[in-house]
Amino acid sequence: MTSGANQSIFKTPREEFLFPKRPDGREYLYFAGNSLGLQPKRARQYIEEELEDWAQLGVEGHLKARHPWLPYHEFLTDSLAGLVGAKPTEVVAMNTLTVNLHLMMVSFYRPTKSRFKILIEGGAFPSDQYAVASQARFHSGSVGFDPASALIELKPRAGEATLRTDDILATIERHRAELALVMLGNTNYLTGQCFDVATITRAAQDAGAFCGWDLAHGAGSLELKLHDWGPDFAVWCSYKYLNSGPGALGGCFVHERHHRDPRIPRFEGWWGQNKQTRFKMGPNFDPIPTVEAWQLSNPPIFQLAAMRASLEIFDRLGMGAIRRQSLALTSRLIEQVGRMTGIEVVTPRSEADRGGHVSLRVPGGHRRWTDALEQAGVIADGREPDIVRIAPVALYNTTQEIDELCTILRGVAQA
Ligand SMILES: *Cc1c(COP(=O)(O)O)cnc(C)c1O
């Protein structure tokens, strides 16, 4: 299948999104959807409906709102399952990414004196790094290990920018007796490399470790089959490719093999309690026999309303078509930028290893480039010291915009 083949049949639902405007009223070329996705027009209506129902109904809205608040998160379950390739019982929208990562480590990072190490990406997103390091410190005193030696960081080979699957597998093999958890991002936020989730998960579990994935740059961007690939857990945020707004609720996957397993510890709250007896307010926790047992609190309805507006678009198009369009766009960008002198494409060229954004290493530091792009009406994002990330989002960016961007980049390169 060539990535260009579907270009013409995929109609981007561009008109369903709101684009930031330049001072002169024209729309920006927006390539930062991997940082904050654009607002679906329908989000306002869905949030306003909840404001109206709250005004009209007060507490009765829990049962009588047009979309009752009590089960509101369930209205998103099937969409989330389709999005990440899971069973509906395996996915839930709750909390935010780093919070969910900690909750998942309560269940799936249970170090012992001999098996306490966590394998992560070298240069992982800082929040992930802080989360795993603090979990290791938290357990180190009572279990008795040195937290400074708990993290194993994957690094590319000298002279290479991205990781090789074989090297990841060899690292797992080398540490197989001491690995407690393998926790990677399925697309590296900096390089745009995406990983072979199925193969790495199998290797981690064969070694006797739990395996979890951070899908911050995967959910809404990649075609995922979490149930079949079998990781123990996954977490993601919804304000990037999932266009659910700043601070949107995160998502969480727990494989069904763990749902009824009493050996898996968990932090608990009333929203994880059996729905039949939740309002009897009894002292004993009777967990919902799904991932919902990990829910703590009743969720924010306005945030769920915004997410519902966005997920409807994903439902309609399906992740297969979205991923094909994303590859068509990133291929077009890589092809053109690859011919410009001075700019290095960091993101792998092979489609199987490429996530939803393209990272460019630029001469003279990123600020020179992002400032020039902004002047030319382009929003992209720069990372220290010399990386510019471009995210062509399948839902609202077009091939024509890629070509316009490349014209601008050529101009900056020659300036
Ligand atoms: C965006 C991102 C986060 C953000 O974490 P929040 O808890 O949502 O603030 C964490 N990890 C990765 C890999 C990310 O890309």
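Mind checking which pairs have a first residue in the range 375-402 that is without any contact (Cβ under 8 Å) to a residue 40 or more places away in the chain and farther than 22 Å from ASP24 by Cα and a second that is of a type in the set (Gly, Ala, Ser) and open to solvent by 10 Å² or more (accessible area, probe 1.4 Å), Cβ under 8 Å, 6 or more apart or different chains?
Close Cβ pairs satisfying both conditions: PRO385/GLY365; ASP386/GLY364; ASP386/GLY365; VAL388/ALA380; VAL388/GLY382.
Considering the range 89-108 alone, what residues qualify as being within 16 Å of the ligand (Cβ to nearest atom), closer than 25 Å to GLU178 by Cβ and in contact with a strand residue (DSSP E or B) (Cβ under 9 Å, 6 or more places away or on another chain)?
Residues satisfying the conditions are LEU101, LEU103, MET104, MET105.
Return the residues of the range 276-308 that are within 24 Å of the chain's Cα centre (by Cα) and either of a type in the set (Gly, Ala, Ser) or assigned to a loop (DSSP other than H, G, I, E, B) (or both); say none if nothing qualifies.
Step one: list which residues in the range 276-308 are within 24 Å of the chain's Cα centre (by Cα), which gives 290-308.
Matches in the range 276-308: THR290, ALA293, GLN295, LEU296, SER297, ASN298, PRO299, PRO300, ALA305, ALA306.
Of these, PHE75, PHE125, which one is open to solvent by 70 Å² or more (accessible area, probe 1.4 Å) and within 17 Å of the chain's Cα centre (by Cα)? Don't jump to the end; show me each part of the working.
Values: PHE75 fails: within 17 Å of the chain's Cα centre (by Cα).
On inspection, the qualifying residue turns out to be PHE125.
Across the range 333-352, what is the total count of residues that are open to solvent by less than 30 Å² (accessible area, probe 1.4 Å) and out of contact with any strand residue (DSSP E or B) (no Cβ under 7 Å at 6 or more places or on another chain)?
To start, the set of residues in the range 333-352 that are open to solvent by less than 30 Å² (accessible area, probe 1.4 Å) comprises 333-334, 336-337, 340, 343, 345-348.
Then keep just the ones that are out of contact with any strand residue (DSSP E or B) (no Cβ under 7 Å at 6 or more places or on another chain); that gives 336, 340.
The total comes to 2.
What do you reckon, is LYS87 without any contact (Cβ under 8 Å) to a residue 40 or more places away in the chain, assigned by TED's automatic domain parsing to the domain that holds ARG176 and not β-branched (Val, Ile, Thr)? Spell out the reasoning first.
Values: without any contact (Cβ under 8 Å) to a residue 40 or more places away in the chain: no; assigned by TED's automatic domain parsing to the domain that holds ARG176: yes; not β-branched (Val, Ile, Thr): yes.
So LYS87 fails the test.
Are any of the residues in the range 316-326 in contact with a Gly (Cβ under 8 Å, 6 or more places away or on another chain) and within 24 Å of MET104 (Cβ to Cβ)? So that I can check it myself, show each step before the final result.
If we filter the range 316-326 for residues that are in contact with a Gly (Cβ under 8 Å, 6 or more places away or on another chain), which is where we start, we get 318-319, 322, 326.
Subsequent filtering for residues that are within 24 Å of MET104 (Cβ to Cβ) retains 319.
Yes, the conditions are met somewhere in the range 316-326.
Restricting attention to the range 109-163, report how many residues are modelled with pLDDT of 95 or more, in contact with a Phe, Trp or Tyr (Cβ under 6 Å, 6 or more places away or on another chain) and within 16 Å of the ligand (Cβ to nearest atom).
Final tally of qualifying residues: 1.
Find all pairs meeting these conditions: Cβ atoms under 6 angstrom apart; at least six residues apart or on different chains; first residue within the range 101-128 and on the phi < 0 side of the Ramachandran plot; second residue basic (Lys, Arg).
Listed pairs, sorted by first residue: SER107/ARG266; GLY122/LYS155.
Kindly check whether there is at least one residue in the range 315-332 that is under 30 Å from GLN414 (Cα atoms) and without any contact (Cβ under 8 Å) to a residue 60 or more places away in the chain.
no
With the structure loaded, tell me whether LEU83 is under 30 Å from GLY382 (Cβ atoms), within 21 Å of the chain's Cα centre (by Cα), open to solvent by 20 Å² or more (accessible area, probe 1.4 Å) and modelled with pLDDT of 95 or more or whether it fails that test. Please lay out each step first, then the result.
Values: under 30 Å from GLY382 (Cβ atoms): yes; within 21 Å of the chain's Cα centre (by Cα): yes; open to solvent by 20 Å² or more (accessible area, probe 1.4 Å): no; modelled with pLDDT of 95 or more: yes.
So LEU83 fails the test.
For the range 168-227, give me the residue count where each residue is at positive phi and more than 12 Å from the ligand (Cβ to nearest atom). Write out each step before concluding.
First pass over the range 168-227, keeping only residues at positive phi: 192, 208, 220.
So of that shortlist, the ones also more than 12 Å from the ligand (Cβ to nearest atom) come out as 208, 220.
Adding up the residues that qualify gives 2.
So is THR341 modelled with pLDDT under 95, in a loop (DSSP other than H, G, I, E, B) and not assigned by TED's automatic domain parsing to the domain that holds LEU224 or not? Walk me through it before giving the result.
Details: modelled with pLDDT under 95: yes; in a loop (DSSP other than H, G, I, E, B): yes; not assigned by TED's automatic domain parsing to the domain that holds LEU224: yes.
Judged against the criteria, THR341 is a match.
Report yes if some residue within the range 46-56 is part of a helix (DSSP H, G or I), among the aliphatic types (A, V, I, L, M) and over 26 Å from the mean Cα position of the chain (by Cα); otherwise report no. Break it down into steps so the answer makes sense when it comes.
Taking the range 46-56 as the starting set, the residues that turn out to be part of a helix (DSSP H, G or I) are 46-56.
This time we only want the ones that are among the aliphatic types (A, V, I, L, M), so: 47, 51, 55.
Next, only the ones that are over 26 Å from the mean Cα position of the chain (by Cα) stay: 51, 55.
Yes.
From the list ARG22, ARG42, ARG26, pick out the single residue that is touching a helix residue (DSSP H, G or I) at 6+ places or on another chain (Cβ under 8 Å) and among the basic types (Lys, Arg).
Details: ARG22 fails: touching a helix residue (DSSP H, G or I) at 6+ places or on another chain (Cβ under 8 Å); ARG26 fails: touching a helix residue (DSSP H, G or I) at 6+ places or on another chain (Cβ under 8 Å).
When all the criteria are applied, what remains is ARG42.
THR77: free of Cβ contacts under 8 Å to residues at least 40 places away in the same chain, within 16 Å of the ligand (Cβ to nearest atom) and either among the polar types (S, T, N, Q) or closer than 16 Å to GLY272 by Cβ (or both), yes or no? Working first, answer last.
On the way: free of Cβ contacts under 8 Å to residues at least 40 places away in the same chain: yes; within 16 Å of the ligand (Cβ to nearest atom): no; either among the polar types (S, T, N, Q) or closer than 16 Å to GLY272 by Cβ (or both): yes.
Here the answer is no, as THR77 does not meet what is asked.
Starting from residues that are open to solvent by less than 80 Å² (accessible area, probe 1.4 Å) and of a type in the set (A, V, I, L, M, F, W, C), keep the ones in the range 276-300 and report whichever is modelled with the lowest pLDDT. If you could, list the steps in order and put the result at the bottom.
Here is the first cut: in the range 276-300, the ones open to solvent by less than 80 Å² (accessible area, probe 1.4 Å) are 277-278, 282, 285-300.
Now restrict to residues that are of a type in the set (A, V, I, L, M, F, W, C): 285, 288, 291, 293-294, 296.
On the way: PHE285: 93, ILE288: 97, VAL291: 98, ALA293: 98, TRP294: 98, LEU296: 98.
Only one residue fits best here, namely PHE285.
The values are calculated or read from the model by the stated rules, or taken from the named source; none is laboratory data. Since the model is a prediction, treat every value here as computed from it, not as a measurement. With ideal geometry, Cβ positions are generated from the backbone for all residues, glycine too; neighbour counts draw on all protein chains shown. Each accessible area value is taken on the protein alone, full model and side chains, heavy atoms only, with ligands, DNA and RNA left out. Shrake-Rupley method; radii C 1.70, N 1.55, O 1.52, S 1.80 Å.
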